Amino acid sequence: MNPRDVLIKTALLFPEREILGAVFDPQGNCFAVSRRLHQPAARDETVLTQVHNLETGELQCEFTISCRQGSPQLSPDGRWLALGGGGLDVLDFATGERVVQIPLPRASRRLAFSQDGKQLASSGEDGKVHIRSLDGPNGRDLPRRPAKIFALVFFGPDYLATGGSDNLIRLWDLATGEEVGRLSGHQGSVVSL
């Protein structure tokens with residue numbers, strides 16, 4: 001079964017459930033899709049994430065977490081699956097077992113792993129970017145900006161780029177937490193990097 005057929009089949013099985021996001025593993029063997037189980041207006045929501053084999057379309061595993069969001073992000077090596085909700089949940093992609101739970105003050109909407117998979121950046125509508133180490137409690141918050149952050153990407157071990165509702169891409173030095181550059185001229189919100 002090709003990936004397109006698997007995605008279509010998955011969407012058709014539960015058309016009433018909003019798909020929050022989908023990610024493919026780096027080897028191209030499987031993908032995870034996350035969707036809400038309750039109505040978007042509900043206060044306590046559950047997100048169902050299902051991992052499907054791309055060749056057969058079969059369900060490999062599924063798991064649920066209680067959160068407001070749940071757009072999945074896969075680490076570069078395909079080992080960890082991160083979901084943002086009231087905090088950050090990092091799950092073993094093969095088993096669905098929670099390996100790290102990181103509390104945050106607000107729900108996360110966008111997530112990005114560092115290239116080595118040891119750090120996870122998250123952003124929400126509060127204009128802040130939270131960067132947390134998966135090895136321990138270390139982390140930092142970048143200074144709040146007046147815009148909503150819609151896109152995050154690490155580049156190299158020392159820098160992060162963010163895009164948001166202010167039509168800017170901001171470049172951050174992770175060692176100092178300072179903004180070191182801006183790319184302007186975009187005609188609308190920057191939602192992908």
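The values are calculated or read from the model by the stated rules, or taken from the named source; none is laboratory data. Model, not experiment: these values are computed from the prediction. So basically every Cβ, Gly included, is an ideal-geometry build from the backbone, and we count neighbours across all protein chains shown. The area values use the complete protein model at the heavy-atom level, side chains included, leaving out ligands, DNA and RNA. Shrake-Rupley method; radii C 1.70, N 1.55, O 1.52, S 1.80 Å.
Points to keep in mind about this one:
- Selected residue (criterion: modelled with the lowest pLDDT) from residues of segment 94-105 that are surrounded by fewer than 17 Cβ atoms within 10 Å (Cβ to Cβ) and part of a loop (DSSP other than H, G, I, E, B): Pro105
- For the criterion of being surrounded by 17 or more Cβ atoms within 10 Å (Cβ to Cβ) and modelled with pLDDT under 85, Leu152 fails.
- Taken together, Asp116, Asp141 contain a single residue that is open to solvent by 50 Å² or more (accessible area, probe 1.4 Å), in contact (Cβ under 8 Å) with a residue 12 or more places away in the chain, acidic (Asp, Glu) and not in a strand (DSSP E or B), which is Asp116.
- Of everything listed in (1) modelled with pLDDT under 75; (2) at positive phi, the single unmet condition for Gly78 is (1).
- Gly163 falls short of the stated requirement of being out of contact with any Gly (no Cβ under 9 Å at 6 or more places or on another chain), modelled with pLDDT of 90 or more, open to solvent by less than 20 Å² (accessible area, probe 1.4 Å) and at positive phi.
- Segment 1-52, subset open to solvent by 20 Å² or more (accessible area, probe 1.4 Å) and basic (Lys, Arg), residue modelled with the highest pLDDT: Arg36
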